[in-house]
Amino acid sequence: MPAILWRRLDTPGFDRCELTATPDGHRLAGTALVVFDDVPYEIRYTVITDRRWRTRTVGAHVQGPEGDRRLALTADGEGGWSVSDSPVLDLYGAIDVDLAWTPATNTLPVNRLELQVGEETEITAAYIQFPAHEIKRVSQRYQRIADQRYLYSQGSFRAEVAVDENGLVVDYQGVWESVTSS
């Protein structure tokens, strides 16, 4: 069970995450302590995938000045999403989830896509913004530029992302860096 601790570079923050194999796929679970607009937050999150690294369930618990907030989504792995068995049509087509407060969810498309060096592709993700918990469907691009390096982009944002042998981010250009991993 690999575990990693990231340090946020652009604002105070840390995130500890574990990647676990399950009988049906994979589990990412972590706790992030981040500062947003000078306000500290604690976020506990879990993402469950199937064997092909497609997101199946997402859970988040945010503690901040507004009190506790929870988020729970399910996905069918084919682009359908729901909250409490109610379809979320705005997310249709998204296979991956991108949690804005952690680099952990970059692991999902890195492993799912299995890009060769020089290949690139565009994906659709359910992007969960922080701290608003706003969820929207976004296009993202991954380009594999070296054995363990990717160029990631979403809209005008671009960053080079380095990963370890498990697909966990070890350096997210200007935003996150690994402090330690096991």
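The values are calculated or read from the model by the stated rules, or taken from the named source; none is laboratory data. Keep in mind that what you see is a predicted model, and the values were worked out from it rather than measured. FYI the Cβ positions are ideal-geometry reconstructions off the backbone, even for glycines, and counts take in every protein chain you see.
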Only unsatisfied item for Leu151, checking (1) assigned to a strand (DSSP E or B); (2) closer than 29 Å to Asp37 by Cα; (3) within 14 Å of the chain's Cα centre (by Cα), is (3)
For the stretch 77-116 the number of residues that are surrounded by 14 or more Cβ atoms within 10 Å (Cβ to Cβ) and acidic (Asp, Glu) is 2
Scanning the stretch 61-76 for residues that are surrounded by 15 or more Cβ atoms within 10 Å (Cβ to Cβ), out of contact with any His (no Cβ under 8 Å at 6 or more places or on another chain) and touching a residue at least 24 places away in the same chain (Cβ under 8 Å) gives Gly64, Leu73, Ala75
Quiz item: Does any residue of the stretch 130-142 turn out to be over 29 Å from Val35 (Cα atoms), part of a strand (DSSP E or B), in contact (Cβ under 8 Å) with a residue 24 or more places away in the chain and of a type in the set (A, V, I, L, M, F, W, C)?
Solution: no
The correct count of residues that are assigned to a loop (DSSP other than H, G, I, E, B), of a type in the set (D, E, K, R) and under 27 Å from Pro65 (Cα atoms) in the stretch 1-45 is 3
Cβ pairs under 7 Å, 6+ apart or interchain, first in the stretch 1-17 and surrounded by 14 or more Cβ atoms within 10 Å (Cβ to Cβ) and modelled with pLDDT of 95 or more, second assigned to a strand (DSSP E or B) and β-branched (Val, Ile, Thr), ordered by first then second residue, are Leu5/Val179; Leu5/Thr180; Trp6/Val179; Arg8/Val34; Gly13/Val34; Gly13/Val35; Arg16/Thr31; Cys17/Ile4
All-but-one check, Trp53 against (1) free of Cβ contacts under 8 Å to residues at least 60 places away in the same chain; (2) in contact with a helix residue (DSSP H, G or I) (Cβ under 8 Å, 6 or more places away or on another chain); (3) assigned to a strand (DSSP E or B); (4) not charged (D, E, K, R), failing number (3)
